[in-house]
Amino acid sequence: SVVCEPVPAERARLRQALERERELRCDLEAEMREARDQLRFEREVRGLEVREQASNEATLRKELRAARAGAAAALAAAEKELLEARAAANSPERRLNTPLQDEHRAAAAEAESRRLLADCHTLARAMAELDVAPFSAHQDAATASALPAAEEASEAREAAAAHLADLQRRNLELERASEHMASREASLVEAQRRVIEQLDELDVASADMSKREVRLMDAQQLVAQELESMRALMSTREYGPALLRLARERQEALDAVSPLRTRVAELTDLVARLEAELRHHRLRIISPSVKEV
């Protein structure tokens, strides 16, 4: 009898490979979840930094508006004082004073006017500086402080994206390998089914051949007995109808045995071909699995 041992061993190896593939897929899914959590955390941190920067810019704008309002109020007060000084210089009371007093008051008014003009120019420059310098300085400082964090976050996002792409590629390869292994297992099951069918056919043919061999042996024994009887009759030299009957029966027995011998030869050839085909199927099933392992 033929025993098909490599097929269960190959199925066991396929099951082990599938288990390893499932474990590796679970590990990859865990790494992918970890990478997604890392990306989500970095986005939240980046959002907090952006909101903090926006809050700082809003605070700076409020301070800038307050400073500009104060500078505008100071400029308005200086212009008002200048106008009051000019009005006082041109008032009718000034005409009632002596020339010396007028000269002193004119010099004082001129000095006050120059001081007020200088204050106005200073306030204007301060307002211009408030419009540009503090905000740009704060923006430069915020940009300089946020640049390393942004670069680190960008590098981390790129690394996480590359790692995620690699995980997806490995997951795709595992899915393809799983599909290939599933098809291989299906083909292996089909080959095993065919081998079992061929073994069943071989068992049936072997049983038929055994029956035919038994019948052949019985026929050979009958022929031998008939030959012995024929020899006994021929030794007595009793020629006649009995001898002719025995010769005819002998020829019929030989004619009956000839197809049985032919069938035995055919069955022997069939068994040899089935065994060769079975060995070929085993080698074809086992060889790719050995190469893959």
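The values are calculated or read from the model by the stated rules, or taken from the named source; none is laboratory data. The structure presented is a predicted model; accordingly, all values stated were derived computationally and were not measured. All Cβ positions, even for glycine, are placed from backbone atoms using ideal geometry, and neighbour counts span all protein chains on display.
Just checking, which of V204, V189, V195 is touching a His at 6+ places or on another chain (Cβ under 9 Å), at pLDDT 65 or above, among the β-branched types (V, I, T) and within 30 Å of H280 (Cα to Cα)?
Working: V204 fails: touching a His at 6+ places or on another chain (Cβ under 9 Å); V189 fails: touching a His at 6+ places or on another chain (Cβ under 9 Å).
Result of the check over V204, V189, V195: V195.
Quick check on L246: is it touching a helix residue (DSSP H, G or I) at 6+ places or on another chain (Cβ under 7 Å), assigned to a helix (DSSP H, G or I) and modelled with pLDDT of 80 or more? Steps first, please.
On the way: touching a helix residue (DSSP H, G or I) at 6+ places or on another chain (Cβ under 7 Å): yes; assigned to a helix (DSSP H, G or I): yes; modelled with pLDDT of 80 or more: no.
For L246, the condition - touching a helix residue (DSSP H, G or I) at 6+ places or on another chain (Cβ under 7 Å), assigned to a helix (DSSP H, G or I) and modelled with pLDDT of 80 or more - is not met.
Are there any pairs, at least 6 apart or on different chains, whose C-beta atoms fall under 8 Å, with the first in the stretch 234-259 and closer than 15 Å to D218 by Cβ and the second modelled with pLDDT under 75, and if so, which?
Within 8 Å, no pair qualifies.
Which count do you get for residues in the stretch 243-275 that are among the small types (G, A, S) and closer than 15 Å to R231 by Cα?
Quick first cut of the stretch 243-275, residues among the small types (G, A, S) only: 247, 253, 256, 258, 265, 272.
Going one step further and asking which of them are closer than 15 Å to R231 by Cα, we end up with 247.
Final tally of qualifying residues: 1.
Can you pull out the residues in the stretch 194-230 that are exposed (fewer than 12 other Cβ atoms within 10 Å of the Cβ) and over 15 Å from E277 (Cβ atoms)?
V204, A207, S210, K211, V214, M217, D218, Q221, A224, Q225, E228
Residue by residue through the stretch 152-179, note down the ones that are of a type outside the set (D, E), modelled with pLDDT of 75 or more and either over 30 Å from R46 (Cβ atoms) or not in a helix (DSSP H, G or I) (or both).
R176
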